1. Helix 36-45: angle to the longest alpha-carbon principal axis of the chain, degrees 0 to 90, nearest 10?
2. What accessible area per residue, rounded to a whole number of Å², is obtained for the chain using a probe radius of 1.4 Å?
3. Give me the accessible area of S18, 1.4 Å probe, in Å² rounded to the nearest 10.
4. Computing the accessible area with a 1.4 Å probe over protein heavy atoms, can you report the carbon and sulfur percentage for region 13-56?
5. Going from the alpha-carbon gyration tensor of the chain, what semi-axes, largest first and in whole Å, does one get by taking the root of 5 times each eigenvalue?
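The values are calculated or read from the model by the stated rules, or taken from the named source; none is laboratory data. From a predicted model like this one, the values you see are computed outputs, not experimental measurements. Just the protein is used for accessible areas: all its heavy atoms, side chains included, with ligands, DNA and RNA removed. Shrake-Rupley method; radii C 1.70, N 1.55, O 1.52, S 1.80 Å.
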Amino acid sequence: MLVINSFQTKELCAVHFSVTFQTSCNWFDGLCTPTGDVVDFAAQSLPNYADIMWGD
């Protein structure tokens, strides 16, 4: 839900995390999850991270 709620398009997600479009598609489609370094970057760079991940 983090990537779906944080980015309007898969392209914007790919650019934000410096990953391929296919990787972004896989995250959006739930086929795989980001690795620890990406999750750490998300926690630091996405303002709604805590609300989405922990429901604060």
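1. Once rounded, one gets 60 degrees.
2. Working: 3790 Å² over 56 residues.
Accessible area per residue: 68 Å².
3. So the heavy atoms of S18 present about 110 Å² to solvent.
4. Numbers: 1630 of 2890 Å².
So the carbon and sulfur contribution to the accessible surface is 56 percent.
5. Numbers: eigenvalues 59, 26, 23 Å².
After scaling each eigenvalue by five and taking roots: 17, 11, 11 Å.
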